[in-house]
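The block underneath contains the structure these notes are about, expressed in structure tokens.
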Amino acid sequence: MDGNAPDFAAASRAALADPQLRGNFRRAMDGLMSKRAAQFSDAGEWHGVRALAASVRLRALSKLPELLETLEETCTRNGITVHWAATTDEANAIALDILHKTNAKLVVKGKSMVTEEMHLNAVLEKNGIEVLESDLGEYIVQLDGTMPSHIIMPAIHLNTKQIAHLFKRKIKDAESREDAAYLTDLARRVLRAKFQAADVGMSGVNAAVAETGTLCLIENEGNGRMCTTVPPVHIAFMGLEKVVEKLEDVPPVISLLPRSATGQPITTYVNMISGPRKPGEKDGPREVHLIILDNGRSSIYADPELRDTLRCIRCGACMNHCPVYTKVGGHAYEAPYPGPIGKILVPQIEGLEKRGAMPHACTMCNACVEICPVKIPIVEIMGRLRVEAVKPSGAVKDGGAKASRTEAMVWSGWAAMNASPTAYRVATLAMSKLGNAAPSSLPMLKEWTNVRTKPRFASRTLHDLARAKGVPDV
Amino acid sequence: MSETRNSILTKLRKTRDAHPLTPPASDFAPIEAKQWAEEERLPRIRRLMEAVHTEFLDATEADWPAVLREFLAHEGVGSLIYAPATDTGKRLVEGWDASSTALIPYDRPLEDLKPRLFDTIEAGLTTTRGAIAETGSLILWPTAEEPRTLSLVPHIHIALLRADALYDTFLQAMRDQGWAQAMPTNVLLVSGPSKTADIEQTLAYGVHGPKRLVVLVVHP
Ligand code: SF4
């Protein structure tokens with residue numbers, strides 16, 4: 001592992017030792033799971049709409065290049081300027097160029113995971129542009145100088161007390177009050193001034209409709225509407241997989257996303273944008289830009305099995321249901337996308353050298369697969385990535401990064417042993433006689449015995465016992 | 001830049017053609033099956049929206065301006081911004097003089113109205129293009145005459161809903177109204193006042209958008 005690679009094991013150990021953090025996550029995830037379950041109490045409805053939503057996403061992927069071309073055409077016809085970026089650097093450069101051309105000093109942002117992937121805020125700040133996250137959770141995380149710990153609820157790792165302290169420290173005239181309503185109102189006052197003054201508003205995209213050139217954004221707070229309506233320029237960012245074919249494909253996605261994410265029937269706002277302010281209209285941005293980002297997605301698309309990763313509608317439900325995520329929290333992953341979807345997406349984007357540990361942070365319990373609204377076979381993809389890390393097919397960046405001679409030798413020895421009855425007998429006999437004498441500090445045993453007791457070998461093998469019972473031919 | 005575009009699209013096309021994908025047919029029946037009897041739609045919308053702090057007023061075609069006037073006076077709302085060029089706007093101003101609430105026409109670009117809109121105007125009035133029974137959502141269809149920020153910036157958003165314009169689902173509304181053929185600059189579904197649960201999952205209303213949403217139901 002190179003010096004910069006995130007160390008998931010160490011970060012998880014630290015998280016596990018923090019009872020406050022574990023309590024915050026446990027409470028939040030329990031609440032989200034039960035609210036979601038209440039929304040899907042009608043099993044027939046869940047299966048039907050889920051199959052429909054999965055088909056919508058699969059159909060979009062089956063025509064991805066054509067739909068992206070159509071989207072470009074319809075958006076352009078609607079007056080939206082479309083930009084293409086192969087890498088996050090390119091996307092950042094495009095955004096900066098637009099900001100420089102409009103002489104922007106202040107940017108307000110709605111929630112966008114793609115811009116987290118790009119580390120856009122850091123780039124803008126380095127270029128002297130003030131950028132303010134306006135989703136309350138993102139705003140809290142930005143004030144705190146950390147990263148979101150959940151894709152839907154960015155500040156879920158903090159409790160009210162911690163947020164009250166943060167606001168007291170960072171916001172002028174803030175009172176020290178541990179009261180969510182007061183804190184929310186405080187943020188409202190700070191951010192309203194910024195919405196008014198901002199030169200550019202930025203947002204993500206939940207779905208882009210090829211048929212009509214429409215960008216759909218869902219949210220509860222109204223900050224997304226502020227960012228896309230009030231400043232003179234709006235820049236929207238999307239991963240290239242976010243396109244859907246028809247406007248009618250939007251309702252199934254919108255039907256499942258909020259119910260899966262937070263257990264609400266629908267978000268407060270479903271915002272559909274099909275262009276900048278038209279002549280005669282009194283508000284809305286005068287320019288709308290759409291930046292379509294690849295950043296490894298076209299490589300994911302190239303593999304017929306890994307391609308399913310791109311169905312994701314980013315509801316976050318897989319996180320809420322993941323026993324690993326719930327215990328270690330979002331920050332342990334040190335990645336823009338944590339939890340199950342992160343464990344399959346991030347290694348494919350950033351490579352197995354840097355992210356080889358992520359697909360292993362999984363018990364393969366299948367909880368995420370059962371609740372994923374678009375039926376992504378997350379666990380199968382996880383298994384595939386584990387294989388790619390040791391036996392590369394060339395489909396994944398830095399495949400083979402975790403290959404180890406010793407491991408390969410052990411497995412071929414194991415295979416040989418199981419293929420020959422004599423070798424098997426000799427080996428099991430040796431283990432039953434000598435296995436218990438092996439010290440638990442042996443290099444290969446250590447990984448296991450570090451956190452577990454060493455298992456004891458039985459003094460007689462199973463075959464031996466069976467023979468004693470009169471089972472013939474063993 | 002168009003080089004990037006072409007290389008992305010070429011790669012997608014090549015790899016897709018090497019491993020084509022046959023998606024299952026999209027069966028919309030599970031959504032189409034969601035239907036409510038006519039008399040159930042409004043109570044359902046009301047129940048769902050009240051659960052997220054939406055307020056309701058009942059009126060008729062004849063008396064809705066008076067009902068609104070009374071409500072605003074009762075709540076001590078000092079100013080209401082409206083769309084002067086719409087039929088609704090024209091109805092609103094008739095006989096308003098006696099009211100304690102000042103009417104402010106949205107008759108110029110946002111840029112010339114920003115400080116007032118953000119800092120002093122208390123309420124905004126819009127029409128709707130109906131509501132959706134499944135989720136309890138209003139359909140907002142802003143136009144040149146009825147701008148987007150009317151329903152976004154003032155602390156109170158008042159939405160006029162005609163009780164005979166109710167749909168079962170989002171899908172049905174978009175089909176019946178032919179959205180795909182004529183999307184305006186912005187369409188919105190609004191299902192309550194602005195809210196957040198970002199602080200320890202505690203629900204708080206009025207974070208960035210309106211703190212209050214009042215649906216003025218106009219019964220036929
Ligand atoms: S993988 Fe499925 S459950 Fe997880 S965020 Fe994506 S759509 Fe939601």
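Scanning the stretch B:88-134 for residues that are acidic (D, E) and closer than 16 Å to A:K282 by Cβ yields B:D107, B:E111, B:D112.
Looking at the stretch A:1-102, the helices (runs of 4 or more DSSP H) lying wholly inside it that each contain 3 or more residues that are among the basic types (K, R) sit at A:19-39, A:43-62.
For the stretch B:118-138, the tally of residues that are facing another protein chain (nearest Cβ under 9 Å) and among the hydrophobic types (A, V, I, L, M, F, W, C) stands at 2. If I ask for residues that are within 18 Å of A:E245 (Cβ to Cβ), crowded, with 21+ Cβ neighbours inside 10 Å and more than 11 Å from chain B (Cβ to nearest Cβ), which ones from the stretch A:59-118 would you list? A:L71, A:C75 - these are the residues of the stretch A:59-118 that are within 18 Å of A:E245 (Cβ to Cβ), crowded, with 21+ Cβ neighbours inside 10 Å and more than 11 Å from chain B (Cβ to nearest Cβ). For the stretch B:1-43, the set of residues classified as under 30 Å from A:I98 (Cβ atoms) and either surrounded by fewer than 14 Cβ atoms within 10 Å (Cβ to Cβ) or aromatic (F, W, Y) (or both) consists of B:M1, B:S2, B:E3, B:N6, B:T10, listed by residue number. From the list B:K11, B:K34, the lone residue that is farther than 21 Å from B:H155 by Cα and assigned to a helix (DSSP H, G or I) is B:K11.
Set side by side, the residues A:G316, A:G339 differ, and just one is within 14 Å of chain B (Cβ to nearest Cβ) and either near the ligand (Cβ under 9 Å from one of its atoms) or under 17 Å from A:E116 (Cβ atoms) (or both), which is A:G316.
Would you mind stating whether A:E248 is within 7 Å of chain B (Cβ to nearest Cβ) and assigned to a helix (DSSP H, G or I)? When the stated conditions are applied, A:E248 passes them.
Against the test of being within 16 Å of the ligand (Cβ to nearest atom) and within 14 Å of another protein chain (Cβ to nearest Cβ), the options A:P347, A:P373 yield a single qualifying residue, A:P373.
For B:L171, the criteria (1) under 28 Å from B:L80 (Cα atoms); (2) within 8 Å of another protein chain (Cβ to nearest Cβ); (3) in contact with a Phe, Trp or Tyr (Cβ under 9 Å, 6 or more places away or on another chain) hold in every case but one, which is (1). The residues in the stretch A:319-335 that are closer than 17 Å to A:R27 by Cβ, in a loop (DSSP other than H, G, I, E, B) and within 15 Å of the ligand (Cβ to nearest atom) can be counted, and the count is 3. Restricted to the stretch A:361-426, the set of helices (runs of 4 or more DSSP H) holding at least 3 residues that are within 30 Å of A:C312 (Cα to Cα) comprises A:367-371, A:378-390. Each residue in the stretch B:152-168 was checked for being more than 7 Å from chain A (Cβ to nearest Cβ) and either under 13 Å from the mean Cα position of the chain (by Cα) or farther than 13 Å from B:A133 by Cα (or both), and 10 pass. For A:S299, are the conditions met, namely being away from the ligand (no atom under 13 Å from the Cβ) and part of a helix (DSSP H, G or I)? In short, yes.
If you check A:V123, A:V114, A:V131, A:V82 for being within 27 Å of B:M183 (Cβ to Cβ) and in contact with a helix residue (DSSP H, G or I) (Cβ under 7 Å, 6 or more places away or on another chain), only one passes: A:V82. Scanning the stretch A:186-212 for residues that are within 30 Å of A:R57 (Cβ to Cβ) and either within 8 Å of chain B (Cβ to nearest Cβ) or over 27 Å from the mean Cα position of the chain (by Cα) (or both) returns A:E211, A:T212.
Do we find a residue being under 27 Å from A:V190 (Cα atoms) and more than 13 Å from the chain's Cα centre (by Cα) anywhere in the stretch B:180-196? Within the stretch B:180-196 (the criterion being under 27 Å from A:V190 (Cα atoms) and more than 13 Å from the chain's Cα centre (by Cα)), the answer is yes, since at least one residue qualifies. Does A:M238 count as in the same structural domain as A:M202 (by TED's automatic domain parsing), within 16 Å of the ligand (Cβ to nearest atom), part of a strand (DSSP E or B) and not β-branched (V, I, T)? Here the answer is yes, as A:M238 does meet what is asked.
Taken over the stretch B:85-116, residues that are touching a residue at least 60 places away in the same chain (Cβ under 8 Å) and either buried (at least 16 other Cβ atoms within 10 Å of the Cβ) or basic (K, R) (or both) amount to 2. Per the listing B:R175, B:R108, B:R129, the residue uniquely charged (D, E, K, R) and not in a loop (DSSP other than H, G, I, E, B) is B:R175.
Among the residues of the stretch A:286-296, just one is among the acidic types (D, E) and either within 15 Å of the ligand (Cβ to nearest atom) or crowded, with 21+ Cβ neighbours inside 10 Å (or both), namely A:D294.
Residue by residue, here is whether (1) facing chain A (nearest Cβ under 7 Å); (2) assigned to a helix (DSSP H, G or I) holds:
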position: B:R16; (1), (2): yes, yes
position: B:P43; (1), (2): no, yes
position: B:L57; (1), (2): no, no
position: B:R69; (1), (2): no, yes
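Checked against the criterion of being facing chain A (nearest Cβ under 7 Å) and in contact with an Asp or Glu (Cβ under 7 Å, 6 or more places away or on another chain), the candidates B:I31, B:I8 yield just one match: B:I8.
Residues that are within 30 Å of A:N103 (Cα to Cα), surrounded by 24 or more Cβ atoms within 10 Å (Cβ to Cβ) and of a type in the set (D, E) are absent from the stretch A:197-205 altogether.
The values are calculated or read from the model by the stated rules, or taken from the named source; none is laboratory data. Note that the coordinates shown come from a computational prediction; the quantities given were computed from them, not determined experimentally. No Cβ is skipped: glycine too gets one built from the backbone with ideal geometry, and neighbour counts run over all protein chains shown.
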